[in-house]
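> The structure's right below; bear with me while I get my questions together.
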Amino acid sequence: MNKIKVLIVDDSAFIRKLLKDILSTDKEIEVVDFARNGKEAIEKLMKNEIDVVTLDVEMPVIDGIDTLKQIMLKKPTSVVMLSSLTKNGADLTIKALELGAVDFITKPSNIFKINNEDIKNLVIDKVKIASKVKQYNKNYNYKIKTIDNVKYDSNKNLNKRDNIDNIIAIATSTGGPRALQTVISTLASEINSPVVIVQHMPAGFTKSLANRLNNMSSLYVKEAEEGEFLRNNTVYIAPGNRHMQFKKERNNIRIILDDGEKVSGHKPSADAMFYSLCEIDIKKIITVVMTGMGSDGSKGLKKLKESKNNIISIAEDESTCVVFGMPKSIINLGLADKVIPINDIGKEINKLMGRF
């Protein structure tokens, strides 16, 4: 059996040893080398056959972001970032995902908690998932457009209400931040609908994701807040570690953030969002399930389609998925009305909403 070959890059000898000890407990993984900084990482990557790099975001000599850029240019390899829970760490992590990192792991505030069983399993699972992702140099030489126009800041008036006739609901996980950039940046500025998103991501990172998407979209993108009303032409991202649900109040819809148990193994959960939409009486709901591991969203979408006849469901095509798990599950259940590559999903939504 060919083992997954891992290069650990971190300036802390303690973290390097902890990661090696964790990964070495799995018989499918082999830690082949270490690097203390980005310069060493590039040198060792070029000399060895490596399947996955674990890369600290903040390092001396060459930081994680510049190291990642060089990896993607010189020898594209699956990268899992290690990030702190600070705002700067979150912003840098979102930047890393934009540049081609497959996923990230957050360092606990108490570093000794990295030996926690759940964290150990998370580290191993993310490395295994990353090992299955193919990397292509051409994917990372692209420009992200930014939008300079002033958009309505819905934070200033959370209680202002719109009559909501349509909802666009998007679910995604591994590979989702880049997929969302592609879709959200192509949506029409007058889409005549709120857009609600579940992206599997821990608390502290969804706000940075919302801010980044806001800079490249003609729609206003924000992290959802408890009790606010949905507004048309606004994108709401479920906060990390909270389910996003909805309550109909006449023609208005209020956001409810639920701190309950995980649903389908996740919080936020796409299934939880879709279950909640079953209770909302509305003209049209467009659902989109994109790249991600597992099957979150399939049970909720099944119930949603059984309870309503006004659902149009889109699944991302396998050819553009980082991980073809979540879309595959809804396709296999016969729940996908349309299967579309990522570059065409935004255009299809515009078409369905009468915005060409």
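> Using the structure shown, list the pairs from Lys160/Lys305; Lys5/Lys328; Lys3/Lys132 with a Cα-Cα distance above 21 Å, or answer none.
Among Lys160/Lys305; Lys5/Lys328; Lys3/Lys132, the Cα-Cα distance tops 21 Å for Lys160/Lys305; Lys5/Lys328.
> State, to one decimal in nm, how far the label point of Asn215 lies from the label point of Asn192, with both points 7 Å from Cα in the Cβ direction.
3.3 nm
> Determine, for each peptide in 2-10, 285-293, the mean count of other beta carbons within 10 angstrom over its residues, then list the peptides with the highest first.
285-293, 2-10
> Still on this structure, please answer the following. Based solely on its DSSP helices, what 222 nm [θ] is calculated for the chain when runs of n ≥ 4 H residues each add -39,500 (n - 2.57) and the sum is averaged over all residues, nearest 500 deg cm²/dmol?
Helices in the chain give a 222 nm mean residue ellipticity of -9500 deg cm²/dmol.
> What nm value, rounded to one decimal, do you get for the distance between Asp66 and Ile256 when each label is placed 7 Å out toward the C-beta?
5.0 nm
> For the range 21-83 and the range 205-260, what is the separation of their Cα centres, given in Å?
Distance between centres, Cα-based: 35 Å.
> Efficiency by 1/(1 + (r/R0)^6): what FRET value for Asn350 and Lys5, r their Cβ-Cβ distance, R0 = 45 Å, to the nearest 0.05?
0.55
> Which percent, nearest 5, of DSSP beta bridges in the chain are antiparallel?
Bridges in the chain that DSSP calls antiparallel: roughly 15 percent.
> Next question. How far, in nm, would the chain grow between Asn232 and Cys278 when pulled straight, counting 0.36 nm per residue and subtracting the alpha carbon separation?
This chain segment gains 14.6 nm when fully extended.
> Related question: Looking at the calculated P(r) for the range 245-343, what percent of the C-alpha pair distances fall above 24 Å?
22 percent
> Of the heavy-atom accessible surface of the chain (probe 1.4 angstrom), what whole percent is carbon and sulfur?
Reported share for carbon and sulfur atoms: 46 percent.
> Tell me the relative contact order for the range 239-324 as a rounded percent, counting alpha carbon contacts under 8 Å between residues six or more apart.
Contact order relative to length: 27 percent.
> Find the accessible area per residue for the chain; the probe is 1.4 Å, ligands and nucleic acids are left out, and the unit is Å².
For the chain, the per-residue accessible area is 44 Å².
The values are calculated or read from the model by the stated rules, or taken from the named source; none is laboratory data. All of these numbers come straight from a predicted model, not from anything done at the bench. Virtual Cβ from ideal backbone geometry, glycine too; neighbours counted across all protein chains shown. Side chains are part of the model used for accessible areas, which takes the heavy atoms of the whole protein and leaves out ligands, DNA and RNA. Shrake-Rupley method; radii C 1.70, N 1.55, O 1.52, S 1.80 Å.
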